[in-house]
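Quick notes on the structure that follows.
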Amino acid sequence: MNFDDLKERYESKKKEYGSDGAYLHISEIFEEAREEYKREYLSSPKALKKIADGKTPDAEQSWKAFKGNNFERLVLHIIEDQIKGLGLRCIPGSRLERKNLDAELSGIYRQLLVRYTKWALLPDTDLVVFDPETRKVLGIISCKITLRERVAQTAYWKLKLASDPFTMHIKGYFVTADEDGDLVRGLSGEPSRNRIVVEHELDGTYVLREVSESEKVKGFPKFIEDLTKLTKIK
């Protein structure tokens, strides 16, 4: 089980439900892959070595790491062609952590730095959207299966970028499968703590499940629509 297997499963869902419906089945894709991944993991050289050493391999923990890492990659796979169609690029934030960056990535890196007196840190971000022609960063995207503490981290970095005139234009987005259902309810009645945070601190949150929509919280297909609006003012 690897990322290519997940891509094939997604493409199969897209054929069945269409581009605007396949996103609703992302959690289903991972659930279908779960047991197969765990079986393969328990027969892998890494797990067999642990068993030989008298240890118990934790297939569930390995699965959680695989799922989290590949959720980000699957989101990028889904949106990459559409983003290119807007004349933009989207890259994993991890690419900015390499030791040797080319001129383009070095410029992106420097735009995102957050200063703390004599120190500067790169925000935690899964994906970065920028204009390849001007090399101007337009937005950062966090991609998480669930919100939990991650939404607070995303909001923190968005606020730090907004506090500096040089980076205040950079949008902060959140893409999630929301498997805990934190965003399902709207602001009427009793919204969850995380729903309140994303409504007030982020520029847009896009959910890969049915959700009560608002100006800030929307179904995943609305993400490209909002990026399209952004390109008109870039």
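Numbers for the structure displayed
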read-out: Of the criteria (1) of a type in the set (Phe, Trp, Tyr); (2) more than 21 Å from the chain's Cα centre (by Cα); (3) surrounded by fewer than 17 Cβ atoms within 10 Å (Cβ to Cβ), which one TYR37 fails; value: (3)
read-out: Matching option when the condition is farther than 19 Å from ASP178 by Cβ, surrounded by fewer than 18 Cβ atoms within 10 Å (Cβ to Cβ), outside the structural domain of GLU133 (by TED's automatic domain parsing) and out of contact with any helix residue (DSSP H, G or I) (no Cβ under 7 Å at 6 or more places or on another chain), among LEU113, LEU48; value: LEU48
read-out: Test for THR167: is it part of a loop (DSSP other than H, G, I, E, B), surrounded by 15 or more Cβ atoms within 10 Å (Cβ to Cβ), touching a residue at least 12 places away in the same chain (Cβ under 8 Å) and touching a Gly at 6+ places or on another chain (Cβ under 9 Å); value: no
read-out: Verdict on GLU97 being touching a residue at least 12 places away in the same chain (Cβ under 8 Å) and in contact with a Lys or Arg (Cβ under 8 Å, 6 or more places away or on another chain); value: no
read-out: Some residue of the stretch 43-64 being within 17 Å of the chain's Cα centre (by Cα), modelled with pLDDT under 95 and within 30 Å of LEU122 (Cβ to Cβ); value: yes
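The values are calculated or read from the model by the stated rules, or taken from the named source; none is laboratory data. In this text, all values refer to a predicted model and were calculated from it rather than measured experimentally. When we count neighbours, we look across all protein chains shown, and the Cβ atoms used for this are built from the backbone with ideal geometry, even at glycine.
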